[in-house]
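A.B. asks: Below is the structure I would like to discuss, written out as structure tokens.
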Amino acid sequence: MEKALYLIPVTLGETSIEQVLPSYNKEIIVNIKHFIVENIRSARRFLKKVEQSIDIDQLTFYELNRHTDTRFISQYLEPLKKGESVGIISEAGCPAIADPGADVVAIAQKQNIKVVPLVGPSSILMSVMGSGFNGQSFAFNGYLPVETPQRVKALKKLESKVWNENQTQLFIETPYRNLKMLESILANLKPQTKLCIACGITCPEEYIKTQTIEQWKKSKLPEINKIPAIFLLGK
């Protein structure tokens, strides 16, 4: 196996490995002994799900989340200098996409370390695919402001980009605030603007639906207060 920093995708929920990850990923994973992870406990669980025979106690884990001191991140790549590969595992989906793993990748690029992204599910790309919106130009905006005035201002700014630039706009919210976000969208955007709600992608509860704001107001709204969701605006 080629020595590299491998970006290892994770299932987006309790989906079977075989459904969303190629067998090639498993061949890579079983040969890696050093992992940079967002949460050690969930990373261990994922690795056992990939291959039961993996001896977790023989692996080294480096935690990378909002509590990590960025001064020490470069040390996580030390095994590569000894000829050993390193893997990055995020909580869900693809590492380095809306994920702290991007900081490690940036350091690896500066140090001329080979970076290999493995194939796996990305809720961002899959939501664009299922929305019917412009897939030639789109932007992921992460979390919008929590306070109502700032949130409304941000929503209107994104809506303006939809109509003026024909650019699809994506954003997310903490699951327990999803319904509040949906209320703000329906109360403040133009009737003709289209909204796609995509949640539970690749999972049994998968839901992807696109309608105008006017149509959403007349519809029964989905139960999304406990499910990770992506909101998309388009025309």
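A.B. asks: Roughly how many Å² is the accessible area per residue of the stretch 81-218, as a whole number, for a 1.4 Å probe? Provide the component values of the computation, followed by the final result.
C.D. replies: Details: 7140 Å² over 138 residues.
Solvent-accessible surface per residue comes out at 52 Å².
A.B. asks: Then there is this: How high is the relative contact order of the chain, in percent, with contacts defined as C-alpha pairs under 8 Å that are six or more residues apart? List each step's numbers first, then the result.
C.D. replies: On the way: 418 pairs, mean separation 51.9, N = 235.
Value for the chain: 22 percent.
A.B. asks: Order these peptides, 130-140, 86-96, 223-233, by their mean beta-carbon neighbour count within 10 angstrom, highest first. Walk me through the intermediate numbers first.
C.D. replies: Values: 130-140: 15.9, 86-96: 22.9, 223-233: 19.5.
By packing density, highest mean first, the sequence is 86-96, 223-233, 130-140.
A.B. asks: Could I ask something else about it? Give me the three principal axis extents of the stretch 134-235 from the C-alpha atoms, as integers in angstrom, largest value leading.
C.D. replies: The principal-axis extents, from largest down, are 36, 31, 27 Å.
A.B. asks: Using the scaling law 2.2 N^0.38 Å as the reference, what is the normalised Cα Rg of the stretch 7-74? Working shown, then result.
C.D. replies: On the way: Rg = 12.7 Å, N = 68, 2.2 N^0.38 = 10.9 Å.
The stretch 7-74 yields a ratio of 1.16.
A.B. asks: Over 24 Å between C-alpha atoms is what I'm after, so list which of Lys48/Lys110; Lys49/Lys114; Lys156/Lys209; Lys82/Lys114 land there.
C.D. replies: Checking Cα-Cα distances, Lys48/Lys110; Lys49/Lys114 exceed 24 Å.
A.B. asks: Eigenvalues of the Cα gyration tensor times 5, then square-rooted: what semi-axes does that give for the stretch 36-128, in whole angstrom, largest first?
C.D. replies: 20, 19, 14
A.B. asks: Starting from the Kirkwood Rh over alpha-carbon pairs, what translational D in µm² s⁻¹ does the chain have by Stokes-Einstein at 25 °C and 0.890 mPa s?
C.D. replies: It comes out at roughly 128 µm²/s.
A.B. asks: Still on this structure, please answer the following. Please work out how much accessible surface Arg44 shows to a 1.4 Å probe, ignoring ligands, DNA and RNA, in Å² rounded to 10.
C.D. replies: Approximately 90 Å² of Arg44 is accessible to the 1.4 Å probe.
A.B. asks: Now a separate question. Using a 1.4 Å probe on the protein heavy atoms, what percent of the accessible area of the stretch 3-103 belongs to carbon and sulfur?
C.D. replies: Within the stretch 3-103, the accessible surface is 45 percent carbon and sulfur.
A.B. asks: Further question on the same structure: Round to the nearest 10 and report in Å² the accessible area of Ser85, as given by a 1.4 Å probe over the protein chains' heavy atoms.
C.D. replies: Near enough 10 Å² of accessible area.
A.B. asks: For the stretch 8-70, what relative contact order do you get, as a whole percent, if you take Cα pairs closer than 8 Å and at least 6 residues apart?
C.D. replies: It comes to 35 percent, rounded to a whole number.
A.B. asks: When the chain is modelled as a GNM with alpha-carbon springs shorter than 10 Å, which of Pro100, Pro149, Pro79 fluctuates the most?
C.D. replies: Pro149
A.B. asks: Relative contact order of the stretch 97-235, please, whole-number percent, based on alpha carbon pairs below 8 angstrom and at least 6 residues apart.
C.D. replies: Details: 202 pairs, mean separation 38.0, N = 139.
Taking the mean separation of contacting Cα pairs over the length of the stretch 97-235, I get 27 percent.
The values are calculated or read from the model by the stated rules, or taken from the named source; none is laboratory data. All of these numbers come straight from a predicted model, not from anything done at the bench. Note that each Cβ is placed from the backbone with ideal geometry, even for glycine, and that neighbours are counted across all protein chains shown. Keep in mind that these areas ignore ligands, DNA and RNA; they rest on the heavy atoms of the full protein, side chains included. Shrake-Rupley method; radii C 1.70, N 1.55, O 1.52, S 1.80 Å.
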